[in-house]
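Please read the structure below before turning to the comments.
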Amino acid sequence: MNQTVSIVILKVVMVSDQETCDGSLSLSDFRIAANAFTEKWNKFNSAFPEWYWIDCSNRLGFAAHGVVDGYLSLQNVFIRRSLEEEHDEGSSNDDDELFDDATLVQSTSDDGDQYHFHVVYSPSYKVPVLYFHAHSTDGQPLNLDEIEKNLPTKSAKVLLESKWTFITQEEHPYLNRPWYMLHPCGTNEWMKLLLLAGDNSMATNGTEQYFISWFSVVGQVFGLKLPFEMLKSIG
Amino acid sequence: MKRGGKEAQQYVWDGAIPLQIHLHDSEVTTLPPPAPALILAPRIGYLPLLSPQLKPFFSGALPPGVDTVWFDYKGLPLKWHIPTGVLFDLLCAEPERPWNLTVHFRGYPGNVLIPCDGEDSVKWSYINSLKEAAYIIHGSSKNVMNMSQPDQVDLWRSVMNGKLETHTRISSKLKLGIVGDDFSAKLNPSPLKAQHSVDETEATAASKSSRIPVRLYLWSVDEDFDDLEEEPHFDSWDQISYINRPVEINGKGKYFTLLDAVKSILPEFYPNSLNTIKSEFKNEPGIEPEEERSTGQSNIIEETSVKSIETPSLSGQPVIKLLRIQGIEPKLEIPFSWVVKNLMNPDYFLHICLYIKAPKPLDT
């Protein structure tokens with residue numbers, strides 16, 4: 001699983017076109033899934049900072065009825081710069097371990113870098129997009145090189161090989177300032193694969209499953225773990 | 001005007017804005033200070049691409065240090081990834097010619113602007129934008145990502161040098177054809193299509209996408225301003241909403257106008273137009289009729305707009321104060337597909353600048 005996922009991020013893998021799922025999510029499903037995800041995360045992962053829905057319905061200067069606009073936010077995650085010797089590359093025992101443990105993610109720390117994560121819907125790509133911003137304890141924003149040092153080795157490798165399609169700095173659609181983001185242009189392709197790999201019981205809680213599967217990949221880039229109870233639902 | 005020709009597109013590609021660029025006071029180390037630089041900047045271009053011309057011009061006056069070029073207009077740092085023409089249309093409601101900008105070589109405001117390492121950053125920003133457009137149109141960015149290296153280079157050069165023909169030749173390989181609504185297609189049938197039977201034409205149209213890449217820059221006016229000379233002064237980007245939502249041309253046989261497109265992007269302003277857009281533009285609220293526009297009497301317009309009450313949640317209708325694309329203010333009832341085909345930027349996005357007066361919400 002671990003291997004597959006890395007490869008999927010690395011390259012856009014072609015899959016035969018099946019009508020089961022096109023790897024995208026509609027805007028209304030995004031909101032539903034985001035809410036369900038938040039609820040479960042906050043329930044099963046209570047030691048960790050919580051996800052919040054940031055409402056932007058009135059960002060055009062007034063609150064319009066029937067228009068829900070906003071994004072998910074996870075603030076104040078501390079990630080400690082890992083020591084290089086702790087990694088040993090390529091020794092994935094292809095067990096069912098979903099996550100690379102190299103990076104220590106903590107909810108509170110004095111010596112870690114502070115990360116903020118936002119999940120924003122992209123109407124162009126019809127997928128969720130992970131935006132993030134990082135700064136050190138003294139408040140200085142981190143540059144890409146410094147961020148790389150916080151990432152598990154595998155993510156860092158991918159980053160090096162594909163600088164522009166992987167992590168790029170773009171304007172945060174709601175905050176009007178530069179944030180880093182995991183570029184969404186390949187998301188629907190690897191989501192297609194992920195959802196095909198699982199069983200096809202998409203009918204009941206498909207959108208929720210989509211969101212959890214999606215997060216299991218993008219969260220992994222930062223060593224963010226999903227609680228076991230949530231992983232169960234994606235098989 | 002030649003029908004179906006590239007005349008309008010050529011105008012867009014040839015469009016340029018006369019700039020008068022001043023070096024920021026804090027970076028002037030010579031007496032007298034350097035004269036401002038006068039440059040004709042292509043509308044479809046990007047500001048950092050001017051730096052090869054500007055650097056030699058100002059380098060003698062600069063303090064020692066590393067150069068990182070950025071621009072501001074009346075103190076507002078300019079986002080370099082927005083095409084120059086769009087910045088001008090958006091920030092200069094009453095066009096100022098030459099447009100007075102300030103250039104900086106030091107003190108890059110990294111908290112407001114995305115870092116820019118010169119041409120390469122601009123190129124990748126363009127390619128990313130193209131990728132996004134391809135995704136919107138096709139549901140996949142593969143054509144752009146798999147472009148050969150020479151094609152990629154040539155395509156980018158065609159943007160830098162304003163060569164429409166080269167751009168058309170290479171971008172045609174990306175197959176980013178945009179399908180209009182049936183109505184417009186019938187108005188302007190291509191010779192190729194005419195040979196097919198009706199059934200076939202419909203089948204092709206149905207299988208193709210009708211999602212249109214649009215970037216909308218919106219200023220929500222809260223007060224009245226009667227003419228654009230009392231234009232707003234933007235000192236922060238927070239005053240402008242950037243809305244990146246594709247337009248879906250929906251409905252068969254309907255005449256889908258520019259106004260329909262605006263409505264579909266802004267359900268906040270046009271709650272009734274969600275999904276069901278009807279194009280009755282006889283008494284269309286929100287349009288400023290041409291005659292009234294030219295007199296500049298916005299009072300009259302608002303009175304007429306307020307009369308038509310359809311929305312349950314908002315009193316009155318939003319009033320479009322200014323809609324500008326590529327320096328022109330097209331009538332809102334013209335077919336959207338024409339607008340897209342002729343006025344889009346080389347990244348296949350239609351960039352729309354919009355000043356809109358929001359309706360007043362009822363008590364909530």
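For segment B:1-112, the solvent-accessible area works out to 46 Å² per residue, with a probe of 1.4 Å and every protein chain left in place. Please report the buried accessible area for the interface of A with B, total over both chains, probe 1.4 Å, in Å² to the nearest 100. Its buried surface, counting both partners, is about 3000 Å². Residue pairs exceeding 20 angstrom between C-alpha atoms, taken from A:154/A:225; B:74/B:163; B:131/B:263: B:74/B:163; B:131/B:263. Cross-link pairs exceeding 19 Å in C-alpha to C-alpha distance, out of A:43/A:232; B:175/B:341; A:149/B:79; A:157/A:232, comprise A:149/B:79; A:157/A:232.
The values are calculated or read from the model by the stated rules, or taken from the named source; none is laboratory data. In this text the structure is predicted, and so the values were computed from the model without any measurement. These area figures cover heavy atoms from the full protein model, side chains too; ligands, DNA and RNA do not enter into them. Shrake-Rupley method; radii C 1.70, N 1.55, O 1.52, S 1.80 Å.
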